[in-house]
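Colleague: Please find one structure pasted underneath; my questions will follow.
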Amino acid sequence: MVEMRRNLSKAGPIKKQQVREALDRDRVRITQERELVLDGLMLMPGHFGAEDVVFALRKHGRRVSRATVYRTLDLLVHSGVLQRLGVDHGGWRYEVMQGRTPHAHLYCVKCGKLEDYVVPGLDDLHARVRRETRFQPQHHVLRICGICEDCR
């Protein structure tokens, strides 16, 4: 069994300049509405949902449509800025990919909490797959489902 450690370091806030560069590379225009969504992402901790972004913007007096938030998050996933994480009941959570150590996600099936765990050697997985197969990995998702300490 592979030893796992809790990753106590959180990703820093999203860096807007890096996001702009990623969107420019994909030839995506940064509209005023998308700029508002980026501002909302600056307020997001760890794992978040689209509704969290809408709520944070409204709490700060900013109005943006839910559709714009969902579309912008989708663009950011396709640009590699965010990772979309599937959770039970068809929901999505997102996390910023900038500066992240490869990690697994621990998902509580009772309360829905997501935690990051660093798995030693996981960062070598893509290189190992390339060496041992003819497959070119782009990213991976490792989610371990169970019951968190708070729910036991």
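FYI, it's all coordinate maths here, none of it is from the lab. These numbers come from a predicted model, not from an experiment. Reconstructed Cβ throughout: ideal geometry from the backbone, glycine too, with neighbour counts over all protein chains shown.
Colleague: Any chance you could run the full-extension gain for ASP24 through TRP92? It's 0.36 nm times the residue separation minus the Cα-Cα distance, nm to one decimal.
Modeller: Full-extension gain reported as 22.0 nm.
Colleague: Put +1 on the Cβ of each Lys and Arg and -1 on the Cβ of each Asp and Glu in the chain; which of VAL118, VAL96, VAL64 then has its Cα farthest toward the positive end of the dipole?
Modeller: The residue sitting most towards the positive pole is VAL64.
Colleague: For each of CYS151, CYS108, count neighbouring Cβ atoms within 10 Å of the residue's Cβ, then give the residues from fewest to most.
Modeller: By the 10 Å Cβ count, ascending: CYS151, CYS108.
Colleague: May I pose another question? Going Cα to Cα from LYS16, which lysines come in below 23 Å? Please leave out same-chain ones fewer than 8 positions away.
Modeller: Correct list for LYS16: LYS59.
Colleague: Looking at the chain only, what percent of DSSP beta bridges run antiparallel? Nearest 5 please.
Modeller: 75 percent
Colleague: Could you work out the helix-only [θ] at 222 nm for the chain, with each DSSP H run of four or more residues adding -39,500 (n - 2.57) and the total divided by the number of residues, to the nearest 500 deg cm²/dmol?
Modeller: Here the helix-only value at 222 nm equals -10000 deg cm²/dmol.
Colleague: Now for a separate question. Which distance in Å, rounded to a whole number, links the C-alpha centroids of the range 132-152 and the range 59-124?
Modeller: First find each Cα centre; the distance between them is then 13 Å.
Colleague: Dipole magnitude of the chain about its Cα centre, charges +1 at Lys/Arg Cβ and -1 at Asp/Glu Cβ only, in debye to the nearest 20?
Modeller: So the magnitude is around 320 debye.
Colleague: Given that just one value was derived from the coordinates, which of (1) 103; (2) 127; (3) 141 is volume of the Cα convex hull per residue in Å³?
Modeller: The listed entry that was calculated here is (3).
Colleague: Quote the relative contact order of the chain in percent (integer), defining contacts as alpha-carbon pairs under 8 Å separated by 6+ residues.
Modeller: In percent, rounded to a whole number, it is 23.
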